[in-house]
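Working notes for the structure below.
The values are calculated or read from the model by the stated rules, or taken from the named source; none is laboratory data. Model, not experiment: these values are computed from the prediction. For neighbour counting, all protein chains shown are included, and Cβ atoms are generated from backbone atoms with ideal geometry for every residue, glycine included.
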Amino acid sequence: MDQLSSPRLILRRWTEQDAEVMFEMASDPVIGTRAGWRPHETVQDSLDFIIESARRPDVYAIIQRSTGRPIGCVELFHDPNIMRKGPKDAEIGYWVGSAYWNQGYATEAVGILLDKAFSSGIPKVWGQCLEDNIASYRVLERCGFRFHHRGICENPVLGEVTVRFYTLSRKERPSS
């Protein structure tokens, strides 16, 4: 099984058995709204996400090592149709259940996935977050990302939103 880790976290693929736990977190309207997607309304919504994520190579459940429980999600997108710049670039996305906020888990999970991205030859990783999601852009900044620009985007759930875009290249990444 494709698995990455740090002292506090394990990143592993989602399993269908995680649907209930994901639903507990992803049904929180604050999580979905801050991440730009519709909150899950049923366990089936969470199961559908898990099944869909199995088709994408770098979608991971963030597992708290001490409990073995999923606490969020992190993904590296490789779709050149959504990339902002170079075709070899990637984009990172993440969310953590609200019970786990302000404990450094998102920063740690993003760092783990950045290690994988840069060691596999990806030259630049992009991150984006809603303008008012201060916690999310602080995660990016703590991981070494630099502000690139603001943009107005059309989100299928939220409508027109202001988004902050960040970048981090392999050569600019601070030493861990």
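Per-residue answers, yes or no, for (1) among the hydroxyl-bearing types (S, T, Y); (2) in a helix (DSSP H, G or I); (3) out of contact with any strand residue (DSSP E or B) (no Cβ under 8 Å at 6 or more places or on another chain):
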{"position": "Q103", "(1), (2), (3)": "no, no, yes"}
{"position": "K116", "(1), (2), (3)": "no, yes, no"}
{"position": "A135", "(1), (2), (3)": "no, yes, yes"}
{"position": "L140", "(1), (2), (3)": "no, yes, no"}
{"position": "H149", "(1), (2), (3)": "no, no, no"}
{"position": "V157", "(1), (2), (3)": "no, no, yes"}
{"position": "T162", "(1), (2), (3)": "yes, no, no"}
{"position": "K171", "(1), (2), (3)": "no, yes, yes"}
Selection from the range 40-64 of residues that are assigned to a loop (DSSP other than H, G, I, E, B), modelled with pLDDT of 95 or more and under 18 Å from the mean Cα position of the chain (by Cα): H40
From G144, G159, G86, residue being of a type outside the set (S, T, N, Q), at pLDDT below 90 and at positive phi: G159
Positions within the range 108-150 being β-branched (V, I, T), surrounded by fewer than 22 Cβ atoms within 10 Å (Cβ to Cβ) and more than 14 Å from L76 (Cα to Cα), in sequence order: I134
